[in-house]
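These notes concern the structure reproduced below.
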Amino acid sequence: MTKALFNGTGVALVTPFRKQETIDFSTLEGLVNYVIDNGVDYIVALGTTSEAATMTERERATVQEYIVETVAGRVPIMLGVGGNNTQQVVDHLNHTTFDGIAGVLSVAPYYNKPNQRGLLQHFRQVAEASPVPVVLYNVPGRTGVNLMAETTLQIAQEVGNVIAIKEASGNMAQIMEIIRNKPDGFRVLSGDDALTLPMIAAGASGVISVAANALPKEMSAMVRLALKGDFKKALPLHYKMLPLMNAMFEEGNPTGVKALLEIEGRISNYLRLPLVKSSKTLSNKLSALYNEFMTK
């Protein structure tokens with residue numbers, strides 16, 4: 001039953017800030033309610049898109065608690081817990097409160113550039129320390145290391161507490177190798193909004209989506225249709241969202257999605273350094289694309 005929690009559309013939730021860079025909790029509450037009311041299946045708290053890397057430990061704990069209270073059991077919550085110091089990640093897991101948390105999303109260690117044996121041992125220790133199921137996160141463009149299909153499959157087969165992978169390598173050959181050879185019950189989730197439809201067609205179980213912050217209704221509808229095999233209806237939604245999804249990442253994440261959320265009137269477009277808000281060029285482009293999107 002636990003393994004089915006993370007089917008469908010998960011949203012990698014942004015963190016709204018005020019001009020003074022303090023966390024805007026009232027806006028965060030509104031965003032949580034907005035994505036749930038518009039059909040997302042679960043929420044990912046304190047992932048990359050949340051800018052958790054620029055928060056203090058106290059801020060992260062407060063955001064986690066606030067999201068859990070706001071969600072109030074309506075959808076499962078996946079918590080981002082990762083890093084490039086294995087012992088520190090284990091210690092974090094040992095000292096984190098998991099009330100209201102259904103799973104952990106743990107990114108492959110970055111900067112150190114471990115080999116595949118190091119990645120395997122890292123995730124073994126993470127899985128052993130976690131009191132809830134673990135979802136691997138492979139994003140070589142950020143970490144500088146690729147969790148290869150062979151390693152992912154070995155973890156899936158040997159480490160019982162690891163139930164899925166968020167695959168953001170962009171390598172469809174690698175992704176299909178994992179899907180083809182994975183054990184029953186292990187899930188592959190898209191980590192790339194624009195590849196979600198083809199990944200589901202290849203056998204993926206859904207997406208952890210950035211775009212679903214701003215387009216929760218459309219993304220959730222497309223994923224549900226695709227998972228039912230109704231690609232005739234899913235495909236037009238995919239292509240309707242595609243220009244916005246592509247533009248959203250032109251200046252990085254969450255730069256683009258925060259700009260789009262401001263265009264929608266849902267948040268103020270503030271980020272924490274070293275991230276900066278979108279250029280005027282991108283903001284204008286997103287605004288034009290959004291207006292076009294709304295007229296279709």
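The values are calculated or read from the model by the stated rules, or taken from the named source; none is laboratory data. As the structure is a prediction and not an experimental result, all values here were calculated from the model. Cβ placement follows ideal geometry from the backbone for every residue including glycine, while neighbour counts extend to all protein chains displayed.
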Please work out which residue is nearest to Leu215 (Cα to Cα), limiting yourself to the range 258-276 and to residues that are assigned to a loop (DSSP other than H, G, I, E, B) and touching a helix residue (DSSP H, G or I) at 6+ places or on another chain (Cβ under 7 Å).
Arg266
Breaking point among (1) under 19 Å from Gln154 (Cβ atoms); (2) of a type outside the set (Gly, Ala, Ser); (3) surrounded by fewer than 20 Cβ atoms within 10 Å (Cβ to Cβ); (4) in contact with a helix residue (DSSP H, G or I) (Cβ under 6 Å, 6 or more places away or on another chain), for Tyr110
(1)
Look through Ala53, Ala12 and report the one residue that is within 20 Å of Tyr110 (Cβ to Cβ) and in contact with a helix residue (DSSP H, G or I) (Cβ under 7 Å, 6 or more places away or on another chain).
Ala12
When you look at Glu128, is it surrounded by fewer than 22 Cβ atoms within 10 Å (Cβ to Cβ), within 20 Å of the chain's Cα centre (by Cα) and of a type in the set (Asp, Glu), yes or no?
no
Note down all Cβ pairs under 6 Å where the first residue falls in the range 163-187 and is in contact (Cβ under 8 Å) with a residue 12 or more places away in the chain and closer than 23 Å to Gly82 by Cα, the second is in a strand (DSSP E or B) and acidic (Asp, Glu), and they're at least six residues apart or on different chains.
Ile175/Glu167
Looking at Thr2, is it among the hydroxyl-bearing types (Ser, Thr, Tyr), surrounded by fewer than 15 Cβ atoms within 10 Å (Cβ to Cβ) and at pLDDT below 95?
yes
Search the range 43-65 for residues that are closer than 13 Å to Gly82 by Cβ and pair each with any residue that is of a type in the set (Lys, Arg) and not in a loop (DSSP other than H, G, I, E, B) when their beta-carbon atoms are under 6 Å apart and the residues are at least 6 apart or on different chains.
Leu46/Arg60; Ala52/Arg60
Tally, over the range 194-249, of residues that are charged (D, E, K, R) and closer than 20 Å to Leu31 by Cβ:
2
Between Ser283, Ser268, Ser190, Ser287, which is under 18 Å from the mean Cα position of the chain (by Cα) and either among the polar types (S, T, N, Q) or surrounded by fewer than 15 Cβ atoms within 10 Å (Cβ to Cβ) (or both)?
Ser190
Residue ranges of helices (runs of 4 or more DSSP H) in the range 14-123 with at least 1 members more than 28 Å from Gly144 (Cβ to Cβ):
25-37, 57-71
Can you tell me which residue in the range 236-257 is surrounded by the most Cβ atoms within 10 Å (Cβ to Cβ), limited to those that are out of contact with any helix residue (DSSP H, G or I) (no Cβ under 7 Å at 6 or more places or on another chain) and assigned to a helix (DSSP H, G or I)?
Thr255
Would you mind stating whether Leu93 is surrounded by 19 or more Cβ atoms within 10 Å (Cβ to Cβ), within 18 Å of Ala52 (Cβ to Cβ) and in contact with a helix residue (DSSP H, G or I) (Cβ under 6 Å, 6 or more places away or on another chain)?
yes
Going by the structure shown, is Gly83 at pLDDT 95 or above and more than 16 Å from the chain's Cα centre (by Cα)?
no
